[in-house]
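Bear in mind these aren't lab numbers, they're just calculated from the coordinates by the rules spelled out. The structure presented is a predicted model; accordingly, all values stated were derived computationally and were not measured. Note: ideal-geometry Cβ built from the backbone for every residue, glycine included; neighbour counts use all protein chains shown.
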Amino acid sequence: MLLARADAGVETLQRVPVNVAQCLREACKDGRILAAAKQTTFTENIDAQELFVEGDSHALHRLFLILIDNALKYTPPGGSVTVGLRRKDGSAVAEFRDTGIGISGVDLPNIFDRFYRADKARSRECGGIGLGLSIARWVAEAHRGAIEVQSASGLGSLSLCDCLCSKVNPLQVGFPHSRVDRLTRDIQVSVPCLPEEWHVR
């Protein structure tokens, strides 16, 4: 539905300062729950305390959960998923690295296509209809960013998501601290599973 609304030009995002570091930390809380259920090691490397972008906290949270869920789904028990965040050339770059089954060179150019699933047998086992990465790319591009996936069969995957940083820290120019906190405080997801429409591959 989100992509259909976007195509019709009726899907809009809030444009407010969002602490993307805190937003990613909240997504990682759910990632740890999912990882524990799969007996997968989950590591969070987010050093930045405040890294702001102009955007929608709920959409960014959804984007991060899609990439975390995708990494975990295709990493066998005993493997690992690492999530990180850094600032590079004026952008906030989130990294999602896994030791999973990887993606072949044939499939890699198509993974952002709607309903595309690289491993159809594995996708049926894991669920989903192949919209997750399409949604993730739309959210990233709506935040003046992009997603890149580097992978090879049997060698795991690295997903890089960048969003343009705000030029001004809202906390340094009098933006109400309570409003900034509210943007990330109310976006937690407590269930250890995600809707099927978010699933990928």
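What to note about this one:
- For Asp98, Asp47, order by how many other beta-carbon atoms lie within 10 Å, fewest first: Asp47, Asp98
- Ratio Rg/Rh, restricted to the stretch 11-98 and using Cα atoms, in which Rh is the Kirkwood radius: 0.99
- Full-stretch length increase - Arg114, Ser153 - with 0.36 nm per residue and alpha-carbon distance subtracted: 11.9 nm
- Residue order for Thr75, Thr99, fewest other beta carbons within 10 angstrom first, comes to Thr99, Thr75.
- Per-residue Cβ neighbour counts within 10 Å put Lys29, Lys73, Lys38 in the sequence Lys29, Lys38, Lys73, beginning with the fewest.
- Fully extended contour minus Cα-Cα distance, from Ala37 to Arg144, at 0.36 nm per residue: 35.1 nm
- Taking the average, over residues, of other Cβ atoms within 10 Å as the packing measure, peptides 49-56, 149-156 rank 49-56, 149-156 from highest down.
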